[in-house]
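*Asks:* One structure follows; several queries about it will come next.
What follows draws every value from the coordinates through simple rules; no lab data is involved. Not measured: the values here are computed from a predicted model. With ideal geometry, Cβ positions are generated from the backbone for all residues, glycine too; neighbour counts draw on all protein chains shown.
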Amino acid sequence: MTPPRVTFNDEEMTLTLTGIGAGWTFEQLGELRLFDEAQVQFPSNWDEFQIGVATQVVQSNWRLRSTTFLEQSLQAGISYSLADGGSGQMSADTQLIEHLLRRPLISMDGIFTIKLNGEASAQGFSGDFYIGLGIRGQF
């Protein structure tokens, strides 16, 4: 019998995190089991097997690369708002990114858009893994 293979053709899922607890840092987000903490929206045409395989692919990539994903997201730019109503956008250098990754949060919300394009088999996943992060932290 041929081992099962699952093919993903630029298929997208969304994970929404709300109110991650006080004291966490962005750097610690890699420790989260995303599918235990997030509301997940899978493509409606996926069966249970595809959902299980995609969950494994996402969780293992998140554990291995979460800090890199967060650093790249912060390097792309930061929008901020202040308690007095002021707001703006800025770029972040390495020192600011390291500070933000390690600073304890009051709360954090996020939307993770994940796209898979490739094939998963008993040997693992071969293909492209894309994650788009929209995160909001309150310090």
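*Asks:* Report the per residue volume, in Å³, of the convex hull enclosing the C-alpha atoms of the chain.
*Replies:* Details: hull volume 16.9 nm³, N = 139.
It is 122 Å³ per residue.
*Asks:* Around MET108, with a cut-off of 15 angstrom between Cβ atoms, what is the net charge of the other residues, counting Lys and Arg +1 and Asp and Glu -1? Display every interim value, and only then the final one.
*Replies:* Values: positive: ARG102, ARG103, ARG136; negative: GLU27, GLU31, GLU37, ASP109.
With Lys, Arg at +1 and Asp, Glu at -1, the net is -1.
*Asks:* Report the Cα-based extents of region 73-113 along its three principal axes, largest first, to the nearest Å.
*Replies:* 27, 23, 21
*Asks:* Of the residues MET108, MET90, MET13, which exhibits the maximal mean-square fluctuation in a Gaussian network model of the chain defined by a 10 Å Cα contact cut-off?
*Replies:* MET90
*Asks:* Let me ask something else about it. Any chance you could list the semi-axes, whole Å, largest first, of the equivalent ellipsoid that the Cα gyration tensor gives for region 70-139, using √(5λ)? Mind dumping the intermediate values first?
*Replies:* Working: eigenvalues 196, 33, 29 Å².
Semi-axis lengths for region 70-139 are 31, 13, 12 Å.
*Asks:* Right, here's the next one. Please state the equivalent ellipsoid semi-axes for region 14-95: what are the square roots of 5 times the Cα gyration tensor eigenvalues, largest first, in whole Å?
*Replies:* Details: eigenvalues 171, 47, 35 Å².
Equivalent ellipsoid of region 14-95: 29, 15, 13 Å, largest first.
*Asks:* Another question, if that's okay. Region 92-131: Rg/Rh from Cα coordinates, Kirkwood Rh? Spell out each step's value before the answer.
*Replies:* Values: Rg = 16.3 Å, Rh = 13.5 Å.
Dividing the radius of gyration by the Kirkwood radius yields 1.21.
*Asks:* Given a cut-off of under 8 Å on Cα pairs at least six residues apart, what relative contact order in percent is computed for the chain? Mind dumping the intermediate values first?
*Replies:* On the way: 216 pairs, mean separation 53.1, N = 139.
About 38 percent, as a whole number.
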